[in-house]
Amino acid sequence: MKKDRWGIILLLPAAIALAFMIYVAIISLYIDPYLSDYSDLGRSSEIFLFYQSAPDCPKVYYWGSSSIKEDLDLSGQSCQFNLGNPASTPLRGIAELDAMINSGPQIVVITVGPMSFSNAWLFPDDQYALISPYVKQIPSMYNKTVASLLKMDHLDLLLYKRKFLIPAAKTTLDSLKHKLTGSAPPYYYRTYNRDFISESLSKQIPESHAPAFEKKLAEKKSFTEYNVPIGQNSEKTSFEFIIHKLQQKNISVIIVKIPLNPKLVEKIPAEYLQNYDIYLEKVAEAYPVRVLDYTHTYNPSLFYDGHHLNLEGRKLFSQNLTTEVS
Amino acid sequence: MLFNTLQFAVFLAVIVILVILFRKQKLQLSILLVASYYFYYISSGFFFLLLLFSSLLDFFFGRKIYESKTPQKKKFFLVLSLTGSLGILAYFKYADFAIQVANQIRNLFGISPDLQLLHILLPVGISFFTFQTMSYTIDIYRNKLKPTSSFLKFMLFIAFFPQLVAGPIVRASEFIPQLVKRIEVKAENVKLGLTFISWGIVKKVVFADNISPFVDHIFSDPIGLGSIPIILGALAFGIQIYCDFSAYTDIAIGAARIFGFTFPQNFNKPFFATSPANFWKRWHITLSTWLRDYLYIPLGGNRKGKARTYINIMITMLLGGLWHGASWNFVIWGGFHGILLAIHRFTAKIVFFKERLNPYIGRIAAVLVTQYFVFLSWLIFRVRNTEYLLYSMRKYVVLDLRWSELSQYLFEYTWVFVLIGLFIYIHFLSYKVKDIIQRINSLRLGYWFLYITFTIVLLFLFAPSLNTSFIYFQF
């Protein structure tokens, strides 16, 4: 009887160990491939891998959010790289700054929009967590929540990744649905995440204008999420910190104000855009740095939504920007 | 210290090992008592002194009642005991609520300024342990129980950590006789205990905690929603609160079982209740039987005529509602169940349906009608904002079906609906196989090991990042 008792008690640690092994297998065989192939979150770590193995040439980096990732095609450009990362803001940019500097770029083109300085567009926490093993130092600009995500070790991250089980299962269901009914397949992000030249999601989207954006335009009176507040906030501080650090390392910095859909501009309160312009003028003067303004350059037919171009607009913008930068 | 944490697992393992190592009964009970007070200290700090005071009070009055020679003297000590217990409960749980009500009445008559609130912290589990101590002295008064001579055993009866903060409400007559022998941690008890615990943790962590964000989303601002999301929200909350509370009970029963103690059943497939009365025989059974034995029957029960029976039902259910918390919501919730019980009692005599319906169809219809009202009552329990509550109840009762909302929520919260579907399936299965936990427990060791491994995998995969508290902790 006593033997049985200890037998059952000892079975518990054995069950925990076996369960943990099964868990690790699920993460490695199911969640990791999902993050890498079916989620844009996977791009965060891919960027770090790129910095580690960047080619040795006078590199030009185009840095920013999905706007630049979607809008810029660098095929045919020698040693120029599109490092756009969905929902990135300057605050998140700091996390990859050291790695980027160490990879030795000659020019860094930082692309920004009003959303880059509005606190309403903060980078998803998940990406901080996923890139944490790549980040050695945590700059003081990060708040406590983000710092804790950046401090995750491999075990923390392994446990954290369970939260992607449902999205991964949803993607599996979407793939099945696609196979059975011919409905739209889930977006495939593998090449998108690993490509730093020309890959964009717009290639997988059949429409050249997003119906959801048109609906939003009709429903919303104003787009307050583009608010650029007067005075300093953590995004602005991070932005200036990045410029300062790059210049300190003799890396040339160019700022690009991304193209905005005139239909969107109409609905952004005028003072927000005014604050945005004034702030960038001040930065350009203080550091000093060249600013290329594409805010009002293109007409609505070239936009997919509020601040992403469609394939036609992309072609034009890529041509204009690369010419101006070189 | 929450049951769904690693901290508790380690705590329980240490206590089990200590109880195995020390073989003298007094020492074993002392270990359990110290562990229980430590457990309470972790969740409630120095309120453990209140627990100690409450134990001293009723241990003393229990003896006094028993030793008193005359009925008047017995009654006198019982009144003192109840005044003490209810006084503590009233002060800590209801004082601020009473002041708020007084202020509302004063405002009605234009009296100002408002009386200051006391902002009293609520000791965790006070409603549970107060009811336990009360049952002890009342049972002695009724000559149903002899007082224990051991203060150690009495203290352990009140403070035993598995049931201390959220029940089940264990009576002295059920627990103290189990303290006669030395504690033997037997293999079969460890296995059954772990089966209960794992079943409970899965209910809490996989079901309740993952359904809760959907419920929070619906009821954080239901204004503007049609009937479908409100009904889905009510359904989800009913399942959430069951999985949360019954999980706590399962873990409590399991933890006690490891030491060889048997706790009373607290839930018996409540979603198969065929009437409001039947619901209360299946939901929070230890509370409903406590209210029946110590409130409803002493009030006269159904022995003093029809009118008094209905009044007694209403008083019992209103106080039962108030037991859950110092808020009008709980009073109304209790009152609503009182009305349901009264209507059922009144209509049960009408045999029209019973005679005409096929028993099988009649049973299904009875379950559906009962659950319709039970889930309606969960709205009162969950939605604290009056405007939101009235809106939600209106949408639940007067159907405003917008089918696009169904597809929208099914798409957005697919996982929650998978869980709800799975829960309904398991609940149905447990109805079919009667005692699912015993069935799992009777598996051969190899299969049982696989079951435990599977539940741990589920915990690894589905536990939310933060350890969430149990809903019934607040009571």
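The values are calculated or read from the model by the stated rules, or taken from the named source; none is laboratory data. The structure presented is a predicted model; accordingly, all values stated were derived computationally and were not measured. Here the Cβ positions follow ideal geometry from the backbone for every residue, glycine too, while neighbour counts run over all protein chains shown. For accessibility, only protein heavy atoms count, side chains too; no ligands or nucleic acids. Shrake-Rupley method; radii C 1.70, N 1.55, O 1.52, S 1.80 Å.
Describe numerically, in nm with one decimal, the distance between label points set 7 Å from Cα along Cα→Cβ at residue A:173 and at residue A:57.
Taking the two extended label points, one gets 4.5 nm.
Expressed as a rounded percentage, what relative contact order does the range B:153-279 have, with Cα pairs under 8 Å and six or more residues apart? It would help to have the intermediate numbers written out before the result.
Numbers: 133 pairs, mean separation 50.3, N = 127.
Reported relative contact order: 40 percent.
Which value at 222 nm does chain B reach when only helices count, each DSSP H run of 4 or more adding -39,500 (n - 2.57), with the total divided by all residues and rounded to the nearest 500 deg cm²/dmol? Numbers along the way, then the final one.
On the way: 23 runs with 326 residues, N = 475.
Calculated from helices alone, the mean residue ellipticity at 222 nm is -22000 deg cm²/dmol.
Assuming R0 = 41 Å, can you tell me the calculated FRET efficiency for the pair residue A:284 and residue B:386, based on Cβ-Cβ distance, to the nearest 0.05?
Values: r = 55 Å, r/R0 = 1.34.
The value I calculate is 0.15.
How large, in percent, is the carbon and sulfur part of the accessible surface of chain B at a probe radius of 1.4 Å? If you can, show how the numbers build up before the last one.
Numbers: 14690 of 21660 Å².
In chain B, the share of accessible area belonging to carbon and sulfur is 68 percent.
Between the range A:268-326 and the range B:382-422, how far is it from one alpha carbon centroid to the other, in angstrom?
Taking the Cα centre of each part, the range A:268-326 and the range B:382-422 sit 43 Å apart.
Taking a point 7 angstrom from the Cα of residue B:426 along the C-beta vector, which residues in the range B:232-256 have backbone N less than 19 Å away?
The answer is B:235-255.
Which order do the peptides B:315-325, B:237-247, A:266-276, A:62-72 take when ranked by the mean count of other beta-carbon atoms within 10 Å per residue, highest first? Write out the running numbers ahead of the final one.
Values: B:315-325: 20.8, B:237-247: 23.7, A:266-276: 15.7, A:62-72: 26.3.
With the highest mean Cβ count within 10 Å placed first, the list reads A:62-72, B:237-247, B:315-325, A:266-276.
Just want the answer: with Cβ charges of +1 for Lys and Arg and -1 for Asp and Glu, which residue in B:433, B:246, B:222 is farthest toward the dipole's positive end in chain B?
Farthest towards the positive pole: B:433.
Which pairs in the list B:203/B:395; A:163/A:215; B:26/B:153; B:75/B:304 are over 19 Å apart, alpha-carbon to alpha-carbon?
Working: B:203/B:395 29 Å; A:163/A:215 31 Å; B:26/B:153 9 Å; B:75/B:304 23 Å.
Pairs exceeding the cut-off: B:203/B:395; A:163/A:215; B:75/B:304.
If I measure Cβ to Cβ between cysteines in the protein assembly as shown, which ones have no partner under 4.7 Å?
So, B:243.
Among A:289, A:146, A:24, which one shows the biggest mean-square fluctuation in a GNM of chain A, springs joining Cα atoms closer than 10 Å?
A:24
What are the residues of the range B:422-466 that lose 20 Å² or more of accessible area, with a 1.4 Å probe, going from their chain alone to all protein chains?
Listed by number, the residues meeting the 20 Å² cut-off are B:445, B:448, B:449, B:452, B:453, B:456, B:457, B:460, B:461, B:462, B:463, B:465.
Accessible area per residue of the protein assembly as shown at 1.4 Å probe, in Å²? Kindly include the intermediate steps, with their values, before the conclusion.
Details: 36960 Å² over 801 residues.
Accessible surface, normalised per residue, equals 46 Å².
Separation between the residue A:324 and residue A:250 pseudo-spin-labels, each 7 Å from Cα along Cα→Cβ, expressed in nm?
Simple spin-label model gives 2.8 nm for this pair.
Residues of the range B:1-48 with accessible area at least 40 Å² lower in the all-protein-chain context than alone (1.4 Å probe)?
B:20
Can you grab the distance from the C-alpha centre of the range B:167-204 to the C-alpha centre of the range B:217-254, Å, no decimals?
The two parts, judged by their Cα centres, are 27 Å apart.
How much accessible area is lost when chains A and B come together, counting both sides, with a 1.4 Å probe, in Å² rounded to the nearest 100?
Details: alone 16470 and 22800 Å², together 36960 Å².
Protein heavy atoms only, the A-B interface buries about 2300 Å².
Sort the following peptides by mean Cβ neighbour count (other Cβ atoms within 10 Å, averaged over residues), highest first: B:434-447, A:30-43. Don't skip to the end; give the middle numbers.
Numbers: B:434-447: 13.3, A:30-43: 19.9.
Answer by packing, highest mean first, reads A:30-43, B:434-447.
Over chain B, what is the mean sequence separation of C-alpha contacts under 8 Å (at least six apart), divided by residue count, expressed as relative contact order in percent?
On the way: 575 pairs, mean separation 89.8, N = 475.
In percent, rounded to a whole number, it is 19.
If you roll a 1.4 angstrom probe over the protein chains with everything in place, what fraction of the accessible area of the range A:1-123 belongs to carbon and sulfur, to the nearest %?
Numbers: 2760 of 4500 Å².
Summing carbon and sulfur atoms, their accessible area is 61 percent of the total for the range A:1-123.
Kindly identify the range A:56-208 as rounded, prolate or oblate by the Cα gyration tensor criterion: order the square roots of the eigenvalues as a ≥ b ≥ c, call it rounded if a/c is under 1.5, otherwise compare a/b with b/c, prolate if a/b is larger, else oblate. Intermediate results must be reported in sequence, preceding the final value.
On the way: a/c = 1.85, a/b = 1.14, b/c = 1.62.
Oblate.
Need the list of aspartates and glutamates near residue A:267 for cross-linking: C-alpha distance under 13 angstrom, and skip anything on the same chain fewer than eight residues off.
Within the straight-line limit of under 13 Å, residue A:267 reaches these aspartates and glutamates: A:214, A:219, A:225.
Can you give the relative contact order of the range A:216-326 as a percent, counting alpha carbon pairs under 8 Å and 6+ residues apart? Let's see the in-between values first.
Details: 98 pairs, mean separation 34.3, N = 111.
About 31 percent, as a whole number.
Measure off, as a whole percent, the carbon and sulfur share of the 1.4 Å-probe accessible area of the range A:186-326, all protein chains present.
52
Please identify the helices of chain A, taking whole runs of DSSP H, that span at least 30 Å along their own axis as judged from the Cα atoms and have a mean Kyte-Doolittle score of -1.0 or higher. It would help to have the intermediate numbers written out before the result.
Details: long enough: A:2-26 (36 Å, 1.42).
In chain A, the long hydrophobic H runs are A:2-26.
Run through the DSSP bridge list for the protein assembly as shown and note the antiparallel percent, rounded to the nearest 5.
Working: 1 of 19 bridges.
In the protein assembly as shown, DSSP labels about 5 percent of beta bridges as antiparallel.
Which whole-angstrom value gives the distance between the alpha carbon centres of the range B:256-273 and the range A:216-261?
If we compute the Cα centre of each part, the gap is 59 Å.
Could you pull out the pairs from A:220/A:282; A:59/A:245; B:24/B:181 whose alpha carbons sit more than 20 Å apart here? List each step's numbers first, then the result.
Working: A:220/A:282 31 Å; A:59/A:245 17 Å; B:24/B:181 10 Å.
The pairs that break the limit, which is 20 Å between Cα atoms, are A:220/A:282.
Mind listing the phi-derived Karplus ³J(HN,Hα) values for the range B:275-281, rounded to whole Hz, using 6.51, -1.76 and 1.60 with θ = phi - 60°, and x for any glycine or proline?
With coefficients 6.51, -1.76 and 1.60, one gets 6, x, 5, 5, 4, 6, 8 Hz.
Check cross-link reach from residue B:432 to the aspartates and glutamates: straight Cα distance under 20 Å, and skip same-chain residues fewer than eight apart.
B:250
By its C-alpha gyration tensor, with a ≥ b ≥ c as the square roots of the eigenvalues, how is the range B:258-393 shaped: rounded for a/c under 1.5, else prolate for a/b larger than b/c, else oblate? All intermediate terms of the calculation are to be shown ahead of the outcome.
Working: a/c = 1.21, a/b = 1.11, b/c = 1.09.
Since a/c stays below 1.5, the shape of the range B:258-393 is classed as rounded.
Which of A:74, A:11, A:159 moves most in a GNM of chain A, Cα contacts under 10 Å?
Top of the fluctuation ranking is A:11.
Once you order the gyration tensor axes a ≥ b ≥ c over the Cα atoms, which shape class does the range A:20-59 get: rounded for a/c under 1.5, otherwise prolate or oblate by comparing a/b with b/c?
Working: a/c = 4.84, a/b = 2.59, b/c = 1.87.
In terms of gyration-tensor shape, prolate.
Quick check on chain A: helices-only [θ] at 222 nm, where DSSP H runs of length 4 and up contribute -39,500 (n - 2.57) each and the sum goes over total residues. Nearest 500, please.
Values: 15 runs with 166 residues, N = 326.
My calculation for chain A gives -15500 deg cm²/dmol from helical runs alone.
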